[in-house]
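Down below is the structure, laid out as structure tokens.
What follows draws every value from the coordinates through simple rules; no lab data is involved. Keep in mind the model is a prediction, meaning the values are calculated, not measured. Virtual Cβ from ideal backbone geometry, glycine too; neighbours counted across all protein chains shown.
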Amino acid sequence: MRLPLIVLTACLAPAAAAQTIPTVRLAKPDATFAEPFSRVVGFREIARGRVVIADELEDNVALLDFAGGGVTTIGRQGGGPGEFGSPGPLLALPGDTTIMSDFGNRRALVIGPDGQVITTLPLREMGGSVMNPRWADARGRLYGQPPLMFSGNTGGGLPEIPDSMPLLRWDRSTDRVDTALMVPNPLAGGGGAVMMVRAAGRTGGPDVRGNRQKAFYPADAFAVGPDGRIAVVRADDYHVEWIDAAGRKTVGRAIAYERIRVTKADQDAWIKNRFAGTRMVVNGRRMTPPAIDPKDVDWAEFKPPFMAGVTVTPEGELWVPASQPASAKGSLFDVFDNRGERIRQVRLPEGRRLVGFGRGVLYAVHKDADDLEWLERYRRPADDDR
């Protein structure tokens, strides 16, 4: 029997999209975990109602049993066997195993379905640093990018910011790394930095006095699905492309969207959330990120059609965070199928942050008055909910 957790409302998309799609408003969660967390930065659902979470501020990785409320601590901080430097993203491997990148130790932990650390895995060296795994497919191949700081350099001494970067695919069974696709460089779009160059320096090159962050500029985004296909969301005319291993593209229709002007409230929210709940690690020491002065940000006039953070569900749906006015209540997601067609919109309850997906469900956290995060599970809408 399905739980009554969603409310459907009709939504007529603009003419360019030529679609009538439902907007699904999630209501109450079907479960809330009994203990709070400080900052969930990694999430992975495994079988039988259990999930693995990584809590950045508590330096904790744990296996949670939603049914019984049990918590099994995974590993501990350190550099020895079964230990980690700092918690990070969690990626799904076959057989309900999980991999967590541990950049402090330049390796990863492989975690079994029982919450025990199976082994540590050295991360592949790329250009003097390590590959940054961000996705995994059903075959256990890892996908990531070389560090942005190694993306090139101009003759004048300033870092070059190319428009695209390789998305690397690491097949651990053969230890082979290849380029799955050239993908948009996040620093070249809405999340980049504009260098402030003043006059010629003493060495003849430009004298860099600082940099300005960019906010709300349109930027393409991408994610990898369980089948190894890569979804690219284009910002120019807002459409989705699915690209398979042979380079074949499936291109969806362009989606018309409202141009939303960036307001002072948007700027304040962007600054507040830029490094919310995070800590920087510099030379092995944890530091609070510096405060952001609005004058040091290059603000776009209008919001892009979507924001960063696109995700593919275990079933292969692509969830894209839609831009909204600052006054909107609850995050809104455009959901696309494997043809690149938008099939529905989903709105989370107010104050919820999406942290991950499971089979037929999604997980979100909300903060209480003490800034503690409570993990909730919601039934995810499907086609038969229309």
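Quote the FRET efficiency, to the nearest 0.05, computed for E58 versus T263 with a Förster distance R0 of 35 Å and r equal to the Cβ-Cβ distance. Display every interim value, and only then the final one.
Working: r = 35 Å, r/R0 = 1.00.
Here the calculated transfer efficiency is 0.50.
Under the 0.36 nm per residue contour assumption, what length would be gained going from the current alpha-carbon distance of R106 and L372 to full extension?
Numbers: separation 266, 0.36 × 266 = 95.76 nm, distance 2.95 nm.
In short, 92.8 nm is gained.
Among the listed pairs K214/K303; K214/K249; K28/K272, give every one whose C-alpha distance is greater than 20 Å. Intermediate values should be presented prior to the final figure.
Numbers: K214/K303 12 Å; K214/K249 30 Å; K28/K272 27 Å.
Flagged as over cut-off: K214/K249; K28/K272.
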